[in-house]
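Data first, discussion second: the structure below is written as structure tokens.
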Amino acid sequence: MALLTVYKPGQGYWTRVLSAVGAGTLVLCGVGWLWNELSVIRDERYRLYIQAGSAAGLILVWGGLMWWCFNRPRIVDFMVATDSEMRKVNWPTKREITGSTWVVIAGTVLLSLLLFVVDLAFAKLFISIGVLEGGGG
């Protein structure tokens, strides 16, 4: 397999692209962290060169590693299989998602009200038997 060829091109496209975007985001966050860590270099003449060189080196190394990983046959076959399985998923409609969201919100509100009432009842019980001090206001 040649160095810059894509294994199974055109298959698992979105899974590969979005995996690369996720990995690239992590690399860029690491570059930002490294840039910030290297800002303590006192010699201002070379600080920018060191920061930029380190950032470029990190991007090149991790970019090459990602290219190598995302073109390995086992990983690519997994991504292609994942992409084909995701096409079989029956995705809910916007109306179904909205309805389910309202059910969850209503259930959460009702449960919190129930727990609030139970908490008040226990507080009243414990005040009446002398476990808690009552009063206040």
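The values are calculated or read from the model by the stated rules, or taken from the named source; none is laboratory data. The structure displayed is predicted, hence computed values, not measured ones. Heads up, the Cβs are rebuilt from the backbone with ideal geometry, glycines too, and the neighbour counts pull from every protein chain shown.
Is there a residue being under 24 Å from the mean Cα position of the chain (by Cα), over 23 Å from V6 (Cα atoms) and not basic (K, R) anywhere in the stretch 104-113? Scanning the stretch 104-113, I find at least one residue that is under 24 Å from the mean Cα position of the chain (by Cα), over 23 Å from V6 (Cα atoms) and not basic (K, R), so the answer is yes. Before we move on, is V117 at pLDDT 95 or above and within 23 Å of the chain's Cα centre (by Cα)? Against the criterion (at pLDDT 95 or above and within 23 Å of the chain's Cα centre (by Cα)), V117 does not qualify. Per the conditions (1) modelled with pLDDT of 90 or more; (2) loosely packed, with under 14 Cβ neighbours inside 10 Å, the sole criterion not satisfied by L58 is (2).
Cβ-Cβ distances below 7 Å connect the following pairs, each with a first residue in the stretch 20-33 that is in the same structural domain as G57 (by TED's automatic domain parsing) and farther than 10 Å from W62 by Cα, a second residue that is among the β-branched types (V, I, T) and in a helix (DSSP H, G or I), and a separation of six or more residues or different chains: V31/I59.
Can you confirm whether R87 is closer than 30 Å to T5 by Cα, among the basic types (K, R) and in contact (Cβ under 8 Å) with a residue 24 or more places away in the chain? So R87 fails the test. The helices (runs of 4 or more DSSP H) found wholly in the stretch 1-89 include none carrying at least 1 residues that are in contact with a Pro (Cβ under 9 Å, 6 or more places away or on another chain). Checking each residue of the stretch 57-64 against the condition of being over 30 Å from P9 (Cα atoms) and under 23 Å from the mean Cα position of the chain (by Cα) gives no match. When the stretch 66-90 is limited to residues that are polar (S, T, N, Q) and out of contact with any Phe, Trp or Tyr (no Cβ under 9 Å at 6 or more places or on another chain), the one that is surrounded by the fewest Cβ atoms within 10 Å (Cβ to Cβ) turns out to be N90. None of G63, G32 is surrounded by 14 or more Cβ atoms within 10 Å (Cβ to Cβ) and out of contact with any Ser or Thr (no Cβ under 9 Å at 6 or more places or on another chain) except G63. Identify all residues within the stretch 35-76 that are without any contact (Cβ under 8 Å) to a residue 60 or more places away in the chain, among the charged types (D, E, K, R) and within 21 Å of S19 (Cα to Cα); write none if there are none. If the condition is that a residue be without any contact (Cβ under 8 Å) to a residue 60 or more places away in the chain, among the charged types (D, E, K, R) and within 21 Å of S19 (Cα to Cα), then R74 is the only one that fits. Just one of the listed residues (R16, R47, R74) is at pLDDT below 90 and among the charged types (D, E, K, R), namely R16.
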